[in-house]
Structures are given as C-alpha cells and as structure tokens.
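Each remark here refers to the structure printed beneath this line.
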C-alpha cells in the first residue's frame, strides 16, 4: 500500500513539473506576442502601430505584478514538489492557472482595443493572415507526425 502511495506521489510530481514547463512556455508566448504583435502588426498603418504600441505597453505594465506573482507561485510549486506536498501542489497549480488566466485576459483586452481600430479591409487581411499561418502550422505538424511515424 505504501508503494502505491509513493507511486501516486511520484506521478503527481511529474505531472506538476510537466504542467509547470507548459506554463513557462505559455508565459513566453504571451511576452513574445506583446513584443511582436504577430499578424496584427502587418495590417496596421503607422498611426495604428503607434497606438498599438502604447496599448501593448500599458498591458505589459499592468501584467507585471501578475507575472511576478506567477514567478513566486512557480518557486513555491517547485518547493512543494521537492517536499512531496501533494495538497500544496494542488493548491499552487490552481493558483498558477488563475494567474495565467489573468495574463491572457490582459493580452486579449489589449488585442481587442487594437482590433477595434481596424477597418473592414484590415480585419479581412488579418483573418487571411491568421488562417494562412494556422494552415502552415497544421502542415508543419502533419509533416512532423508523418516523419515520427516512419
């Protein structure tokens, strides 16, 4: 019985570490989006780009305390994993998910503000760019899965 609980604790720890690594990657994607703007920046005129830069800078500033909380939560999660404290792992992963949600809400709100400045033609062009990018990712992933299957 004790062996089963040790295995369960080990699986929980591995899952928590895996989730933490995914969150690290997601946080990096949020930060890259603020810097680059993706397809959105390709359809904006110079005036809109200046406005978008301001909106995304404000969003980045409002997200800063949450990113700091997220880093603290991750440190605590690592300590909980090392201590094999499954109750604390559950609590901290829920907290981490909430913090990630707050960051995504800030990002989405900033994007919505900029999106509202687009003309119908710009919105259409943005949609086309996003669809092309999505299709390209799908093709890349499909090709990678075929390679790994052979």
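For the range 91-103, state whether one or more residues are over 22 Å from residue 44 (Cβ atoms), exposed (fewer than 12 other Cβ atoms within 10 Å of the Cβ) and modelled with pLDDT of 95 or more. Yes: one or more hits. The residues of the range 35-53 that are within 21 Å of the chain's Cα centre (by Cα) and at pLDDT 90 or above, listed by number, are 52, 53.
Each row is one residue, and each column tells you yes or no for (1) within 15 Å of the chain's Cα centre (by Cα); (2) outside the structural domain of residue 48 (by TED's automatic domain parsing); (3) farther than 21 Å from residue 54 by Cβ.
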position	(1), (2), (3)
73	no, no, yes
81	no, no, yes
88	no, no, yes
91	no, no, yes
101	yes, no, yes
106	yes, no, no
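The values are calculated or read from the model by the stated rules, or taken from the named source; none is laboratory data. This one's a predicted model, so the numbers in the text were calculated from it and none came from an experiment. Note that we place each Cβ from the backbone using ideal geometry, even for glycine, and neighbour counts take in every protein chain shown.
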